[in-house]
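Below: the structure, in structure tokens.
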Amino acid sequence: MARVRTLLRRRAGVLAAVTAALALAVPAAGHPAAASGLPRGHDVSSHQKHVGWQAARNNGARFVYVKATEATSYRNPYFAEQYDGSRAAGLVRGAYHFALPDSSSGTAQARYFVRHGGDWRADGWTLPPALDVEYNPYSKKRKCYGLTKKQMVRWIRSFSDEVRNETGRRPVIYTTTQWWKLCTGNSGAFSSSNPLWIAGHGTSGPGPLPGDWQYWTFWQHATDGALPGDQDLFNGSAGRLRTFARG
């Protein structure tokens with residue numbers, strides 16, 4: 001069985017690389033009004049608690065990312081309800097992990113994430129796992145969690161490698177351009193392998209992208225709006241979204 005799982009993961013890894021390349025090759029859209037034809041989605045955490053999923057679906061939601069874990073000690077107490085409820089309402093959904101690179105290794109946090117909801121299945125309804133790596137919410141002085149730029153790149157790489165080993169998919173990376181420049185030195189090490197989920201809250205588009213990413217796959221364009229939680233767009237058609245989920 002172990003050999004079979006290894007072969008399946010390798011095959012999934014090849015397919016994921018092709019899918020990621022296709023997703024990254026979608027021309028970037030403009031601001032939300034101009035991109036109104038793109039699939040709309042949102043991301044939620046324990047702050048949203050009991051989400052009315054059918055209402056969100058009726059209001060235009062087609063996908064959602066649900067926070068599963070943080071570091072190696074926190075699990076979203078509403079995760080199962082939110083994750084299963086969104087799927088039951090007909091949304092393509094995925095799970096994300098909030099990184100705390102100063103608390104434990106990328107490998108340890110990836111394993112914790114996968115064990116507690118960050119898995120992936122090639123069913124066309126499960127988005128690849130996502131890594132939320134951004135400013136330290138617990139210390140304004142330690143914006144980069146006390147890591148050097150090279151250390152941060154190694155931390156993200158170890159997380160990405162372990163998620164791929166566990167699930168067959170490279171994680172989507174959620175970040176901001178400013179943080180990525182400050183804390184990774186604007187590294188281009190992930191642009192060819194990890195889809196970008198860019199946070200840029202404005203009406204004129206996400207702005208310059210970090211690293212060597214030429215296109216965004218997801219864009220978080222607002223922290224509130226018609227859907228519960230943060231507001232997102234997928235950079236492709238509804239069919240491409242399902243293909244991206246299928247891997």
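Whenever a residue of the stretch 171-193 is over 20 Å from Ala110 (Cβ atoms), its partners that are at pLDDT 95 or above and aliphatic (A, V, I, L, M), lying with C-beta atoms within less than 6 angstrom and at least six residues away or across chains, give the pairs Thr176/Ala199. Only residues that are within 16 Å of the chain's Cα centre (by Cα) and in a loop (DSSP other than H, G, I, E, B) were counted across the stretch 215-235, and they come to 6. Quick one: what pairs do we get from the stretch 218-247, first residue more than 17 Å from Pro195 (Cα to Cα), second outside any helix (DSSP H, G or I) and hydrophobic (A, V, I, L, M, F, W, C), C-beta under 6 Å, 6+ apart or different chains? The qualifying pairs are Leu227/Ala61; Pro228/Val44; Pro228/Val51; Gly229/Val44; Gln231/Ala222. Suppose the filter is buried (at least 16 other Cβ atoms within 10 Å of the Cβ) and under 18 Å from His42 (Cβ atoms); does Val133 pass it? Answer is no for this residue.
Scanning the stretch 121-176 for residues that are closer than 14 Å to Pro195 by Cα and basic (Lys, Arg) yields Arg157, Arg164, Arg169, Arg170.
For the stretch 116-136, name all the residues that are under 13 Å from the mean Cα position of the chain (by Cα) and in a loop (DSSP other than H, G, I, E, B).
In the first step, residues of the stretch 116-136 are kept if they are under 13 Å from the mean Cα position of the chain (by Cα); the result is 118-120, 126-134.
Correct list: Gly118, Asp119, Trp120, Leu127, Pro128, Pro129, Val133, Glu134.
The set of residues in the stretch 171-189 that are touching a helix residue (DSSP H, G or I) at 6+ places or on another chain (Cβ under 7 Å) and part of a loop (DSSP other than H, G, I, E, B) comprises Pro171, Gly185, Asn186, Ser187, Ala189. For the stretch 100-115, the condition holds for at least one residue, the condition being that it is under 16 Å from the mean Cα position of the chain (by Cα), part of a helix (DSSP H, G or I) and aliphatic (A, V, I, L, M). Among the numbered conditions (1) in contact with a Lys or Arg (Cβ under 7 Å, 6 or more places away or on another chain); (2) surrounded by 21 or more Cβ atoms within 10 Å (Cβ to Cβ), the only one that Met152 does not meet is (1). Checking the stretch 68-78 against the condition returns no match, with no residue being of a type in the set (D, E, K, R) and more than 30 Å from Val153 (Cα to Cα). Of all residues in the stretch 130-148 being over 24 Å from Arg164 (Cβ atoms) and among the small types (Gly, Ala, Ser), which is modelled with the lowest pLDDT? The residue in question is Ser139. Part of a loop (DSSP other than H, G, I, E, B) and at positive phi - does that describe any residue in the stretch 137-152? Yes, the stretch 137-152 contains at least one residue that is part of a loop (DSSP other than H, G, I, E, B) and at positive phi.
The values are calculated or read from the model by the stated rules, or taken from the named source; none is laboratory data. Small disclaimer: the values here were computed from a predicted structure and weren't measured. Methodologically, a virtual Cβ is constructed for each residue, glycine included, from the backbone with ideal geometry; neighbour enumeration extends over all protein chains shown.
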